[in-house]
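Only one structure is covered here, and it is reproduced in the block below.
The values are calculated or read from the model by the stated rules, or taken from the named source; none is laboratory data. For clarity, every value in this text was computed on a predicted model and none was experimentally measured. So basically every Cβ, Gly included, is an ideal-geometry build from the backbone, and we count neighbours across all protein chains shown. Just so you know, the surface numbers come from the protein's heavy atoms only, side chains and all, with ligands and any DNA or RNA stripped out. Shrake-Rupley method; radii C 1.70, N 1.55, O 1.52, S 1.80 Å.
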Amino acid sequence: MISPDLPAELRAALTHKSEGLSRNDAAQRADAISRTYRDGGGSGTIRTGADALAYALARMPATYAAIAASLNALTEIRPDFAPSSLLDVGAGPGTATWAASEAFASLNTFTLLDANTALRDLATELAQPHLRLAAMRYHSGDARKALAEAPEADLVVASYVINELGAGERAALADAMWAKTRDTLLVVEPGTPAGYARVIDLRDRLIAKGAHVIAPCPHDAACPLTRPDWCHFTQRLQRSRAHKHLKGADLPYEDEKFAYVVLSRTAPAPRPARVLAQPLVTKIAVTAKICTPEGIMEAASVPHRDKAAYKRAKKWNWGDAIFPENGIGVE
């Protein structure tokens, strides 16, 4: 398992890069970029090095935390997965590449794709002090065209990318990414109903092409959730004083909500059930919403009288996997 916090080398590189930076100017740039993303825009507003740095300072911590949580879910189910090559689609400042390098010591080839040259230049500079990442290959250009020319990889990651595309482009990109995936594909999106819908569309499309779900779903069947419900998770990360100022926030932490899917060309062993919301713990029972291979258990209850099962259930958190050997032990 890797930490949701940025690696020390990346924090140091960002700190060095931001020396002499006007925090107020960076905050204004980051706010403008964030508003564009919330309105459905892309990275086109990131035109300069200052824009790219402001974006990285504001968004890299939360994006990294969500990707780290998704990779942890992957390694929890497939602890023997040892990819040697990574393809980071829509890489931006290289957030997913940093997270993957932390999760998998086996990685030795890193290929990054993004059309934004300001983000590419920042990613390259941030990676220079890193022994493994300094040799990464970063290609600029339209995602689909760059993908067509990119090498296949054991692990392909697309984080916060498909939200910038129309439905037809998303389908084509999904097919292109899967074609480049030797083993495993991870897609991470904002934890909104729209982000979940995009993930489900991609999930269904690629299952039809032979993919198998590794996480978070315990099955390859259609998602059993019904509107207005949607599948998403949250990862808490700590904010530095500078990050609080940049985000105009008072709380010392941030909760990043995200939706994700991990798909593989190989069917996994029996998959664990998944906790879909923070459980309610009382002295009488632990009550949780759980996704199982048989469907959703809306109010699974683990009674206190079942001492062993209750003790296990008290430790459940939103997003946790419940493995078959541990049993759900619910009524």
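Things to note:
- Over the chain, dividing the summed -39,500 (n - 2.57) contributions of all DSSP H runs of at least 4 residues by the number of residues returns a 222 nm mean residue ellipticity of -11500 deg cm²/dmol.
- Solvent-accessible surface of the stretch 128-205, averaged per residue with a 1.4 angstrom probe and all protein chains in place: 42 square angstrom.
- On the stretch 20-179, 48 percent of the accessible area sits on carbon and sulfur atoms, based on a 1.4 Å probe.
- Share of alpha-carbon pairs per 5 Å distance bin for the stretch 126-169, given as whole %: 5, 14, 20, 25, 22, 8, 4, 2
- Within the chain, percent of DSSP bridges classed antiparallel, to nearest 5: 60
- Distance-filtered residues of the stretch 166-187 - backbone nitrogen under 17 Å, label point 7 angstrom along residue 201 Cα→Cβ: 166-178, 187
- Rg/Rg_globular for the stretch 1-158, with Rg_globular taken as 2.2 N^0.38 Å and Rg from C-alpha atoms: 1.01
- Convex hull of alpha carbon positions in the stretch 178-233: directionally averaged projected area 4.0 nm².
- A straight chain from residue 299 to residue 45 at 0.36 nm per residue would run longer than the Cα-Cα distance by 87.0 nm.
- Principal semi-axes of the equivalent ellipsoid, √(5λ) from the alpha carbon gyration tensor of the stretch 220-287, are 31, 20, 13 Å from largest down.
- The alpha-carbon atoms of the stretch 61-145, seen along their principal axes, cover 36, 26, 23 angstrom, with the largest extent given first.
- With contacts taken as Cα pairs under 8 Å at a separation of at least 6 residues, the stretch 145-285 carries a relative contact order of 28 percent.
- If you count Lys pairs in the chain whose Cα atoms are under 17 Å apart, skipping same-chain pairs closer than 8 places in sequence, the total is 10.
- Expressed as a whole percent, the accessible area of the stretch 262-311 that falls on carbon and sulfur atoms is 60 (1.4 Å probe).
- Student exercise, the stretch 136-295 dipole from Lys, Arg, Asp, Glu Cβ charges, in Debye to nearest 20: 380
- log₁₀ of I(q)/I(0) at q = 0.11, 0.14, 0.21 Å⁻¹ - the stretch 191-331, Debye sum with one point per alpha carbon: -0.50, -0.75, -1.22
- Extended-chain gain in nm, criterion 0.36 nm per residue less alpha-carbon gap, residue 12 and residue 238: 79.7 nm
- Per residue, the accessible area of the stretch 224-331 comes to 57 Å² when a 1.4 Å probe rolls over the protein heavy atoms.
- For the stretch 93-168, relative contact order (Cα pairs under 8 Å, six or more residues apart, normalised by length) works out to 32 percent.
- Relative contact order (percent, whole number), the stretch 210-306, Cα cutoff 8 Å, 6+ residue spacing: 30
- Cα Rg over Rh - the stretch 145-240, Kirkwood: 0.97
- Debye, to nearest 20: dipole size of the stretch 79-169, +1 on Lys, Arg Cβ, -1 on Asp, Glu Cβ: 140
- Over the Cα atoms of the stretch 99-206, the radius of gyration divided by the Kirkwood radius equals 0.96; this is the Rg/Rh ratio.
- Diffusion coefficient (Stokes-Einstein, Kirkwood radius over C-alpha pairs, 20 °C, 1.002 mPa s) for the stretch 138-191: 186 µm²/s, rounded to a whole number.
- Taken about its Cα centre, the stretch 47-204 carries a charge dipole of about 120 debye when Lys and Arg each add +1 at the Cβ and Asp and Glu each add -1 at the Cβ.
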